[in-house]
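The values are calculated or read from the model by the stated rules, or taken from the named source; none is laboratory data. All values derive from a computational prediction rather than experimental measurement. FYI the Cβ positions are ideal-geometry reconstructions off the backbone, even for glycines, and counts take in every protein chain you see. Note: accessible area is taken over every heavy atom of the protein model, side chains too, but ligands, DNA and RNA are not part of it. Shrake-Rupley method; radii C 1.70, N 1.55, O 1.52, S 1.80 Å.
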Amino acid sequence: QVRLVESGGGLVQAGDSVRLSCAASGGTFSTYAVGWFRQHPGKEREFVAVIWGADGTYYAKSIWDRSAISRDNAKNTVFLQMNDLRAEDTAVYYCAAARTWSSWPPPPANYEYWGQGTQVTVSS
């Protein structure tokens with residue numbers, strides 16, 4: 001059983017950067033694909049980025065040029081760096097882990113474990 005805990009969210013100004021962390025406990029975390037999703041108020045959860053291994057990454061088109069996903073397996077942590085934040089980045093950000101996947105990037109149904117989320121609010 002893998003437990004995921006997100007942190008790093010908060011209230012930021014437009015144009016600022018934020019670094020979200022997803023800390024894992026349990027399981028062989030280094031072998032999982034770890035994704036970030038976000039959910040805007042009143043909308044469905046959407047994909048942001050995913051990482052597998054050291055450098056297998058994939059980003060949503062809405063944020064690929066302003067973000068970077070990375071992982072530190074020694075610390076069982078995955079990071080999502082987001083820069084030049086905009087009001088539309090305001091959302092609850094979730095991380096999730098998948099052991100296997102049917103396609104790349106993994107569809108949401110492939111993720112077995114989800115964190116509780118961290119709120120990012122961008123003030124303009």
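What does the highest-first list of 38-44, 54-60 look like by mean Cβ count within 10 Å?
With the highest mean Cβ count within 10 Å placed first, the list reads 54-60, 38-44.
Compute the distance in nm between two label points, each set 7 Å from the Cα along the Cα-to-Cβ direction, one at Arg86 and one at Gln116.
Each label point is offset 7 Å from its Cα along the Cβ direction, giving 3.2 nm.
Could you pull the accessible area for Val5 with a 1.4 Å probe, rounded to 10 Å²?
60 Å²
Leaving out ligands, DNA and RNA, and with a 1.4 Å probe, what % of the accessible surface on the chain is carbon or sulfur?
Ligands and nucleic acids excluded, carbon and sulfur give 48 percent.
Stretched out fully, how many nm does the piece from Asp55 to Arg99 gain, at 0.36 nm a residue minus the Cα gap?
Going from the current span to full extension adds 14.2 nm.
Can you give me the accessible area per residue for the chain, using a 1.4 Å probe, in Å²?
Normalised by residue count, the accessible surface of the chain is 51 Å².
What order do Trp114, Trp104, Trp64, Trp36 take when sorted by accessible area (1.4 Å probe), most exposed first?
Greatest to least solvent exposure: Trp64, Trp104, Trp114, Trp36.
Between Asp16 and Asp72, what FRET efficiency comes out of the Förster formula 1/(1 + (r/R0)^6) with R0 = 35 Å and r the beta carbon distance, rounded to 0.05?
About 0.95, to the nearest 0.05.
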